[in-house]
Amino acid sequence: MANSAPHLVLVAHPGDETFAFSSVCAGADLVSATDGGDAGQVEAFRQACEQLGAARSTVLSLPDHQPGRLRVDLLVSRLAALGPYHRVYTHSPLEKYAQHRDVALAASQCFDEVWVRAEAGFATDVHGLSRAAFTRKVALVNRLYTQQIIALAGDDRCCGAEVTGVEAFAPVRFPEVVRAFGYASREIRADVPDPWAFHTSPYEQERYDQTCALLAHLSRDATPTSILELGACEGAMTRRLRALFPSAKLRAVEANPVFARRLREAAGNDPATEIVEASLLDVSLSADLILLAEVLYFVAEQLPEILARMRARYVLTSYDTTFDMRVSRCLRRSGWVDTFSAQVLPRFEPVDGGTSALIVRRPGSMIRLWTRA
């Protein structure tokens, strides 16, 4: 479909255009990724688009890939048929609904820049609806989207009123969207290098610095000769470990093949560093020092079994407050004592650690160095 308008409004479901994008619909091409589950929603969408002054409305009727999710690759292929636009408006990758995040991810793959809802971050395009425009918006919601009102009433994550008089947007590009997507969903994506901004985030730099400060106690008291780093990702901590303990034999374990390849490239040809592409569930957990930082989140259901398998003199953990309590409880029951600890406080910062308009909450971390009682 060749475009017929200067800008595109891409939403996940019928109703989203009215709830969140009513101020940018006039003269736009409007596309809904799904049909909302029935023909009535499609007709409601078309009526709303007409009332909002859209140039054209299209419903792609994508099926659920799994409950509550869309196939991003399929949506990308459908969007590729759309012509270029001066501006593309869509959902934020930080929104609470998974299909909204899927749409944001797909849109950012198809267009160089997308303008996402500024729910969390700095808004550069802000629309305060006039009294007449807001009244029309409320009337359309009440007349066409009763099912959405019912769904909101049963969703504890929503406030009592989801119809706002201000609609705001911010421009972002694919790397920012991937990073935000990961924070909102905790899904591991390797679409861009450094997806968690380990190299650029001031929060992450402080966490690494605090970790190294704790480990420095070992270099003074009992330098480890063997180190096992689990969930090494792309090697941000691996390089620091090599600098701290240059004579130790280091095994860096990473399950994701893309991250493992980048880890090998980062480690170079160091003969004392072994890169192991495997899950921590499949490797021997034995070394003088074991690092279990920020990795147990992904295998939380097997936490007691994993910790019981460890054979080490020292263990380093780093987790947010709630998960730290779980890990600490398991370790103490097994006879471990945290000899040194440090806290990195939570904060808000750009998703790329620099200038992105998307702001995420870094959760804070309690870093602990453990030894046997």
Can you tell me which residue within region 295-338, out of those that are among the β-branched types (Val, Ile, Thr) and touching a helix residue (DSSP H, G or I) at 6+ places or on another chain (Cβ under 8 Å), is surrounded by the fewest Cβ atoms within 10 Å (Cβ to Cβ)? 299
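Restricting the search to region 341-370, which residues are surrounded by fewer than 17 Cβ atoms within 10 Å (Cβ to Cβ) and at pLDDT 95 or above?
First, the residues of region 341-370 that are surrounded by fewer than 17 Cβ atoms within 10 Å (Cβ to Cβ): 341, 343, 345-348, 354-355, 361, 363-364.
Once the filter is applied, which keeps residues that are surrounded by fewer than 17 Cβ atoms within 10 Å (Cβ to Cβ) and at pLDDT 95 or above, region 341-370 yields 341, 343, 345, 346, 347, 348, 364.
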Please list, ordered by first then second residue, the pairs with beta carbon atoms under 6 Å, 6 or more apart or interchain, first in region 207-225 and assigned by TED's automatic domain parsing to the domain that holds residue 244, second of a type in the set (Gly, Ala, Ser) and part of a loop (DSSP other than H, G, I, E, B). 224/248; 225/248
Pairs needed: first member in region 227-245, in contact (Cβ under 8 Å) with a residue 60 or more places away in the chain and within 16 Å of residue 196 (Cα to Cα); second member anywhere, in a loop (DSSP other than H, G, I, E, B) and not acidic (Asp, Glu); C-beta distance under 6 Å; at least 6 residues apart or different chains. 231/295
Of those in region 4-52 that are out of contact with any Lys or Arg (no Cβ under 9 Å at 6 or more places or on another chain) and more than 17 Å from residue 147 (Cβ to Cβ), the residue surrounded by the most Cβ atoms within 10 Å (Cβ to Cβ) is 10
Here are some conditions: (1) without any contact (Cβ under 8 Å) to a residue 12 or more places away in the chain; (2) farther than 24 Å from residue 357 by Cβ. Residue 140 meets all but one. Which one does it not meet? (1)
All positions within region 190-244 that are over 30 Å from residue 105 (Cα atoms) and in contact with a Cys (Cβ under 9 Å, 6 or more places away or on another chain): 240, 241, 243, 244
Say we look at region 117-138 and pick out the residues that are assigned to a helix (DSSP H, G or I) and among the charged types (D, E, K, R); which of these is farthest from residue 26 (Cα to Cα)? 131
Do you know which residues across region 284-335 are part of a strand (DSSP E or B) and touching a Pro at 6+ places or on another chain (Cβ under 8 Å)? 287, 288, 289, 313, 314
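The values are calculated or read from the model by the stated rules, or taken from the named source; none is laboratory data. Nothing here was measured: the structure is a model prediction, and the numbers come from that model. Cβ coordinates were reconstructed from backbone atoms using ideal geometry, including for glycine residues, and neighbour counts include every protein chain displayed.
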